[in-house]
Structures are given as C-alpha cells and as structure tokens.
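The values are calculated or read from the model by the stated rules, or taken from the named source; none is laboratory data. Since the model is a prediction, treat every value here as computed from it, not as a measurement. Here the Cβ positions follow ideal geometry from the backbone for every residue, glycine too, while neighbour counts run over all protein chains shown.
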C-alpha cells in the first residue's frame, strides 16, 4: 500500500512538472511574439535585418580581401620561381604570373569598395560593387581559360624555348646561364637528349646576342656539349664528359609547367565560383536594403502623421478650453449684472 501511494504521488508530481513546463513554454512563446510585434510596430525588425545583411557583406568582402592578397602572393612567388624558366621572349608563364597579380589587385579594390558600401548602407554603392565584382569574375574566368589553354600548348612552348636557348647558347650570356641552370637542376641535356647539341647550329640572328669573350661576329662556334649536361662527379674534357644526362629537358619542363598551370587554373575556377556567390549576394542585398529603407521611411511618415494628428487634436482641445473659459466669463458677468439689478 505504501509503495502504491508513493507511485501515485510520483505520477502526480510528474504531471504537475509537465504542466508547469508547458505553461512556461506557452508564456515564453507569448512573450516572444509580443516583443516581436512591438519591434515590428516600431520598425526595429527591419533595422535588425538591415544590420545582419550589412555585416554579412562585410564578412564576405573580408574573405575576398584575404583571397586577393593570396592571389598577389601567388603571382609574385610564380614570378620568382619561373624567372629561371624564362626561356624565350614569347614565353607565357611570366605573363600568367603578372595576370595573377593584376587580378588580385582588382579583387582587393572591389572588396574594399564593397566594405565601404556596406557600412554606408548605400544601395548605389552596393550596385556598383556588384558590377565591379562581375568584372573581377570575368577576369578570373579568363585567367582559368588561359591557364587551361596553356596546358595544351605546354609541350610546344617548352620545346621552342629550349631550342631558342640552345641556338643562342654560344652568343648570349643570358641564354647560357638559363640553359646551364635548367640542365643542372632538372638533370637533363638538350631538347630531347644529348645528341641535340651535336646537331645544333647557331641561329641566323645570333649576332645580336653574341658574347665577345667566346666568339666574334665572323667566327661561328663549333658544336659543343656544355658541362651542365654532365652528371655529378663525371670528368668534363674537350667538350665531352664520361657520363651525361640522357633525358631531354623538354619533358621535364612540360611536366613542371603542366602541373603548375593545372593548380593555377583550378584555383581560379574555385575563386570564380565564390565570386559568383558574391555577385548574387550583392544584388540581393541591394534589393533588400532598398525595400527595407522604403518600409522604414513609410513607418516614419506614419509616425509623423500620427504626431501631427495628435498635435491638431491638442490644439482643438486648447481652443475648446479657451471657448469654455470665455463662456464661463460671460455667464459670470451676466450673473453679476442680475445680482446688481
């Protein structure tokens, strides 16, 4: 019996606690709805939404600012890395690095413009920001397309570049230093192999680049095998060496540039997708701000109208009071006259 009584009491306590919780939740939801309606009547909800949109724009543009700095760093690092691979005047890798730097600077300017427009809560500024972001998006897509096109041309570019350096090797200190660096660091020799050097003949335009310390404008050099073709530890004597690298340099350069450009193009595509989100956010935020400002101005006009109506009512009441006082004065004078009579 005692156990049954305890169980009944426990069930009643649970029921009471459940009722308290349900009543508390119901009261809390009523409180939230009441506060929401009060804020809505005062126009504070619209201001809160405007603030949220503003700081979302600021956060997104801070991300774009960091991305732009990364792009500039990639361009500068690429310029430094590819400097030793500057094979010939028409080579495009340095142009690609400069394009990265230019794209990063443009994106940095656009992101700063977007942050200023967000803090000013200006619809015009945000619309211009959306247009500028569209321009940055087009440049980024162009960068990606240019990168992927360069992958398809990487072999011909590498082949022509190495061929140019070999033709100018005996006449130009620039070509000689570049070719020696490539062969020594990539462990390769010639375009497709060491036999390329034995078949090499100087360029017809080499007199523009000849090195006076090695030859003259009238004397052509004999075919040679550079010491940079020799493997480490081999003897180099009479333009030949015991062991030399048997692989050509074109394959190594092509692989290096193809991998680099593939990474660059993939990053450009990823950033362009993020820029598309920024463009959509800019125009949606502009439209939302315009609509919200219209609602706020309408409510302010209604409040001013209510204030004006209340002021007119108060003036009417004051005039009524003045008229009543005049009537009372007239009645008092009449009473006094009657009393005197």
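Brief remarks on what is shown
- Residues within the stretch 150-174 that are touching a helix residue (DSSP H, G or I) at 6+ places or on another chain (Cβ under 9 Å) and farther than 20 Å from residue 251 by Cβ, tallied: 5
- Residue match in the stretch 237-244 (condition: outside the structural domain of residue 148 (by TED's automatic domain parsing) and at pLDDT 75 or above): yes
- Just one of the numbered conditions (1) assigned to a helix (DSSP H, G or I); (2) touching a residue at least 12 places away in the same chain (Cβ under 8 Å); (3) farther than 30 Å from residue 289 by Cβ is not true of residue 142: (2).
- Residue in the stretch 268-275 that is exposed (fewer than 14 other Cβ atoms within 10 Å of the Cβ) and at pLDDT 85 or above present: yes
- Filtered by the rule that a residue be within 16 Å of the chain's Cα centre (by Cα) and surrounded by fewer than 17 Cβ atoms within 10 Å (Cβ to Cβ), the stretch 92-127 gives 102, 105, 109, 112, 116.
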